[in-house]
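Structure record follows, encoded as C-alpha cells.
The values are calculated or read from the model by the stated rules, or taken from the named source; none is laboratory data. All values derive from a computational prediction rather than experimental measurement. All Cβ positions, glycine included, derive from the backbone under ideal geometry; neighbour counts span all protein chains shown. All accessible areas refer to the heavy atoms of the entire protein, side chains included, with ligands and DNA or RNA removed. Shrake-Rupley method; radii C 1.70, N 1.55, O 1.52, S 1.80 Å.
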Amino acid sequence: MGRKDELLSIGEMAKLSGAGIRALHYYERKNILKPAYVDPITGYRYYSLSQLNFIFLIMNCVEFNIPLKNITSVIDTDDVSVLKKFLENSNDVLEKKANLLKMASRAIKKALSKMELGNQYETGKIYAREFEEKNYYAKSYGQTLKGKNLITVLYEITDELYGRKIRKTSEITNMDDLIPLPDVGFLSEHQFNEKPCYYGFVEMPKHFARKNIITIPAGTYYFRQSERSEIENSSEIFKKQLKGKNTFMIVETEESFLSKTKVSQTLYELRLIVL
C-alpha cells in the first residue's frame, strides 16, 4: 500500500469512477473488491488509483450481466494473463449480446412496418405493392392441405432441417443470417388445367443452400388480407387479375401486427405471384 495521502477516499473514488459509494460497499461485502486501506480508528475506506481500472471492469460486468465472480480471479491474482483471458471471454459474451440486440431491433422495426401496412389496407380488398425477394424452404403436401396448419408446418420443417442435426457451412452460421419475424405459411403452384400443388414453407436467408428452396423474386404483386385462410379459394379471389394467365403461384402468410384493434388477432395475407 502507498502512503495514505496518495490514496482516494471512498467518496472521491465513487465520484471519480461513477460507481457510487453504496456500490463500493457492496463490492467489499461480496469480497469482489476491497479497499486498499481501512483506517483502524475511523473505519474510513481508501482506494488506490490503480483500483479504478478494476472498478470500471466491475461496472461493465454489472452493465452487461457478466457474472461478477468472473472478475474476482483477476483482482485476486493481479495477473495480466488472467486479465487477458477475462477480457477475451467478456468480449465473446458482449458480441453475442450485441448480435441479439441487433436482431431484436430488426424484429421491432419489422413489427412497426407491419403495423403501418395494417393501417393502410382494408381486409377483403385487393391491392398491389412492392415485395422484396423471398427465399422459402418448402415442404410439399401434394394436392390438398387437409389436416395441415402452421404448427404442423413449423414442426415438420424444423424436424427436416435440424432434427437430424444437419449443418453445412453454407447454411445458418451466425445471428446476421437470422430473419426477424420470417414469413411462415402455405403456397400453391398452378399450371394450366392441372390441380394446384400445395406446400408449407418457412422463410430462410438468401444464401441458404437447399434443393427444397423456392425463391419468389422481388416485384409488384397483388395481395389481399383477410381474417381466415383463403389459399384454396385463391383462383376465384384473383379471377380478374388472372384473366389470360395459366401459370401462377399463390403465397399465403399468417401475419401478426396487421390488426388495427387487437394484438392477438392474426390476419392472413394472400399474394398472387405471376412470373
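Per-structure values
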| quantity | calculated |
| --- | --- |
| Selection within region 165-193 - among the charged types (D, E, K, R), modelled with pLDDT under 90 and open to solvent by 50 Å² or more (accessible area, probe 1.4 Å) | Lys165, Arg167, Lys168, Asp176 |
| Residue within region 104-115 that is modelled with pLDDT of 90 or more, more than 22 Å from the chain's Cα centre (by Cα), basic (Lys, Arg) and not in a loop (DSSP other than H, G, I, E, B) present | no |
| Residue check, Asn135 over 18 Å from Ser256 (Cβ atoms), at pLDDT below 90 and among the polar types (S, T, N, Q) | no |
| Test: residue in region 24-44 that is closer than 30 Å to Leu178 by Cα and assigned to a helix (DSSP H, G or I) | no |
| In region 214-245, the residues that are touching a strand residue (DSSP E or B) at 6+ places or on another chain (Cβ under 8 Å) and among the polar types (S, T, N, Q) | Thr215, Thr220, Gln225, Ser226, Ser229, Ser234, Ser235, Gln241 |
| Residue in region 200-213 that is nearest to Tyr121 (Cα to Cα), counting only those that are open to solvent by 40 Å² or more (accessible area, probe 1.4 Å) and touching a strand residue (DSSP E or B) at 6+ places or on another chain (Cβ under 9 Å) | Lys206 |
| Some residue of region 214-226 being in contact with a Gly (Cβ under 8 Å, 6 or more places away or on another chain), surrounded by fewer than 17 Cβ atoms within 10 Å (Cβ to Cβ) and either at pLDDT 95 or above or closer than 20 Å to Lys134 by Cα (or both) | yes |
| Whichever residue in region 63-86 is part of a helix (DSSP H, G or I) and open to solvent by 80 Å² or more (accessible area, probe 1.4 Å) and, among such residues, is nearest to Tyr47 (Cα to Cα) | Asp76 |
| Pairs where the first residue, in region 145-158, is under 15 Å from Leu187 (Cβ atoms) and the second is surrounded by 13 or more Cβ atoms within 10 Å (Cβ to Cβ) and among the hydrophobic types (A, V, I, L, M, F, W, C), C-beta under 6 Å, 6+ apart | Leu150/Val184; Ile157/Val202 |
| Boolean, Glu130 is assigned to a strand (DSSP E or B) and not hydroxyl-bearing (Ser, Thr, Tyr) | yes |
| Evaluation of Met249 against (1) open to solvent by less than 30 Å² (accessible area, probe 1.4 Å); (2) at pLDDT below 95 (one fails), failing number | (2) |
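Okay, residues lined up against (1) of a type in the set (Phe, Trp, Tyr); (2) out of contact with any Leu (no Cβ under 8 Å at 6 or more places or on another chain); (3) open to solvent by less than 80 Å² (accessible area, probe 1.4 Å):
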{"residue": "Leu8", "(1), (2), (3)": "no, no, yes"}
{"residue": "Gly20", "(1), (2), (3)": "no, yes, yes"}
{"residue": "Tyr26", "(1), (2), (3)": "yes, yes, no"}
{"residue": "Leu33", "(1), (2), (3)": "no, no, yes"}
{"residue": "Tyr37", "(1), (2), (3)": "yes, no, yes"}
{"residue": "Ile41", "(1), (2), (3)": "no, yes, no"}
{"residue": "Tyr47", "(1), (2), (3)": "yes, no, yes"}
{"residue": "Asn53", "(1), (2), (3)": "no, yes, no"}
{"residue": "Phe56", "(1), (2), (3)": "yes, yes, no"}
